[in-house]
Amino acid sequence: MPQVAETQFSLHDKSWSLKRFPFRKHETLRAWDAADELLLQEVAGSIKQNETVLILNDGFGALATVLADHNVHWINDSFISEQACRQNVQENHGVEATLNCHNSLSWPDITFDWVLIKLPKSHAQLEDQLYRLKSCLHSESKIVASAMTKNLHRQTIKLFEKLIGESHTSLAKKKARLLFAKAEHLTPAASPYPKHYSLSEYQLDVFNHAAVFSQQKLDIGTAFLLEHFPEKEDCETIIDLGCGNGLLGLRAAQLYPEAKLEFYDESHSAIASAQLNAEKNQLSNERLRFVHGDCLEQATPNSADLILNNPPFHQQHSISSHIAKQMFRQSWKTLRKGGELWVVANRHLGYHKDLQALFGNQKVAHSNSKFVILKARKNR
Ligand SMILES: C[S@@+](CC[C@H](N)C(=O)[O-])C[C@H]1O[C@@H](n2cnc3c(N)ncnc32)[C@H](O)[C@@H]1O
C-alpha cells in the first residue's frame, strides 16, 4: 500500500498545512514539490512587506499560502489549481485572507517587484506568459523561476534571454533548479497566441490558446474519435467532457444540428479556445454552452444523451487516472437512461474495467494498435 503523503510544509521555523484538490483521504502525493521548496527558500526571507509579488502556475497554492502576508497576485490557467490555492490560503490564514486571482488570459495592469514562476510543462504556455509578463515588469523587478531539473531545458533559458533578459540557473538541489532573469526587454510585444491550423477534412478552422491540450496539431486520439464519430438517434443534449479546443463538440454540432451542446473543461484556455472555435466556424449560437469547472460538477443529472470524452491521464506533472475515473462516475450521473458515454484512450490504460464496474456494460466500438474507443450505456 503506498504511503499517505505528508501535508505539513515547513520553512524557517514556521509550518503550513497544504493539501491537493480535489481532496482525497488517502492521497499519496504532496501538494508541493522540491521546486516549490527551493523557490521559497530563496525568496521568502527577501521579499519586503510593501513589495508586490506576482505568482505564476502555483500548482496547489503552496507559494501563495507561504507568501500570503504579502501583496500577492496569482495567475493560473487551471480551475482545480485555483480551488486548491483558495482552500490552502483559507485553511492557513482564515477566511479574510485576500487572494488576487487572475486567469491566464487576463493579466493585471500593474508592475511587480517580484515575479515567481513555476515553469509550466508546455513551452508554448511559457512563451505566451513571458510575452504577457513584459508589461508587468519594471527595470528593478526580480524574476525567479523554478522547476524540477528534467523540466528546465536549454531552450527554456534561451526563451527567457530572448523575451526577458540575461538569465542564469542555480545548482540543482533535490533535483530542482532555479532560473534568475534580469528585467531588460521591457518593450511590450503581443503574444503570438492563439495560433491556428485548418482541418479541411472536417471544414474546421482550429484556433488554440497557448495552454490548451495538443496546441500545435490534432491529437491522434481525438483524430481517431473524429474518424469513428458516434451515430446515435434522438440526441437532444451532447456533452464534450474535457473539451480542450472543443473539436469533438464542434464536430457534434455539425453532425447533430438540432442538438444542444455543452463543453466542460477545467482549463481556462481550453474553454476560451473552444468558444473562439465555435465563433470562427460559425457554429456559435444559443444551443452551445461553455462551462469552466471541475469535470461535470455543474451539469444537470439525467440530462445528456451522449458524452464524448478523451480523458486526461495526468494532473499537472503527475500521471494519474483519478480524474478520468471522476469523469466516468459523473458521466453516469449526468446521462439520462439510454444515454451513452464514448471514451477514446490509449489501449493500455484499461478503462474498460472502470466502465464495466460503473455502467454494468461496455463495448469496444473501434480500436487500432494504439487506441480504443469504448462505449458504455446507462441502462437504469
Ligand atoms: C486529453 S485532453 C482532451 C482535449 C480534447 N477533448 C481533445 O480531444 O483534444 C483532456 C482535457 O481534459 C481537461 N481536464 C483535465 N482535468 C479536468 C477536470 N478536472 N475537469 C474538466 N476538464 C479537465 C484538460 O484541461 C484537457 O483539455
Of all residues in region 347-360 being modelled with pLDDT of 95 or more and out of contact with any helix residue (DSSP H, G or I) (no Cβ under 8 Å at 6 or more places or on another chain), which is farthest from Q326 (Cα to Cα)? G360
In the set L130, L126, L159, the lone residue that is at negative phi, touching a Leu at 6+ places or on another chain (Cβ under 6 Å) and either aliphatic (A, V, I, L, M) or not in a helix (DSSP H, G or I) (or both) is L130
Note on P188: of the conditions (1) over 27 Å from I307 (Cβ atoms); (2) at pLDDT 95 or above, unmet is (2)
When (1) part of a strand (DSSP E or B); (2) touching a residue at least 40 places away in the same chain (Cβ under 8 Å); (3) surrounded by fewer than 16 Cβ atoms within 10 Å (Cβ to Cβ) are applied to Q254, the one that fails is (1)
Could you check, for region 183-194, whether at least one of its residues is under 20 Å from S104 (Cβ atoms), buried (at least 22 other Cβ atoms within 10 Å of the Cβ) and touching a residue at least 12 places away in the same chain (Cβ under 8 Å)? yes
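Table: residues versus (1) more than 19 Å from A259 (Cα to Cα); (2) surrounded by 19 or more Cβ atoms within 10 Å (Cβ to Cβ); (3) in contact (Cβ under 8 Å) with a residue 40 or more places away in the chain.
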residue	(1), (2), (3)
A304	no, yes, yes
L335	no, yes, yes
W342	no, yes, yes
H366	yes, no, yes
S369	yes, no, no
Take L374 and decide whether it is among the aliphatic types (A, V, I, L, M), in contact (Cβ under 8 Å) with a residue 24 or more places away in the chain and either outside the structural domain of S267 (by TED's automatic domain parsing) or assigned to a strand (DSSP E or B) (or both). yes
Which of the residues belonging to region 199-233 are near the ligand (Cβ under 8 Å from one of its atoms), assigned to a helix (DSSP H, G or I) and surrounded by fewer than 24 Cβ atoms within 10 Å (Cβ to Cβ)? G221, T222
With (1) at pLDDT below 95; (2) more than 20 Å from T222 (Cβ to Cβ); (3) not hydroxyl-bearing (S, T, Y) as the list, and Q330 as the residue in question, which single condition is left unmet? (1)
Evaluation of S191 against (1) within 16 Å of the ligand (Cβ to nearest atom); (2) outside any strand (DSSP E or B); (3) under 23 Å from Q125 (Cα atoms) (one fails), failing number: (1)
Among (1) near the ligand (Cβ under 9 Å from one of its atoms); (2) not in a loop (DSSP other than H, G, I, E, B), L306 falls short only on (1)
Does at least one position in region 284-299 carry a residue that is more than 8 Å from the ligand (Cβ to nearest atom), among the charged types (D, E, K, R) and crowded, with 24+ Cβ neighbours inside 10 Å? no
Residue in region 78-98 that is surrounded by the fewest Cβ atoms within 10 Å (Cβ to Cβ), counting only those that are closer than 18 Å to I55 by Cα and of a type in the set (D, E, K, R): R86
Tell me whether region 326-334 contains one or more residues that are closer than 25 Å to A365 by Cβ, of a type in the set (S, T, N, Q) and part of a loop (DSSP other than H, G, I, E, B). no
Report, by residue number, each residue of region 256-283 that is away from the ligand (no atom under 12 Å from the Cβ), farther than 18 Å from P230 by Cβ and not aliphatic (A, V, I, L, M). Q275, E279, K280, N281, Q282
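Answer yes or no: is there a residue in region 234-242 that is without any contact (Cβ under 8 Å) to a residue 40 or more places away in the chain and either more than 8 Å from the ligand (Cβ to nearest atom) or buried (at least 21 other Cβ atoms within 10 Å of the Cβ) (or both). Let's see the steps before the verdict.
Taking region 234-242 and keeping what is without any contact (Cβ under 8 Å) to a residue 40 or more places away in the chain, we get none.
The answer is no; no qualifying residue exists.
The values are calculated or read from the model by the stated rules, or taken from the named source; none is laboratory data. Nothing here was measured: the structure is a model prediction, and the numbers come from that model. Heads up, the Cβs are rebuilt from the backbone with ideal geometry, glycines too, and the neighbour counts pull from every protein chain shown.
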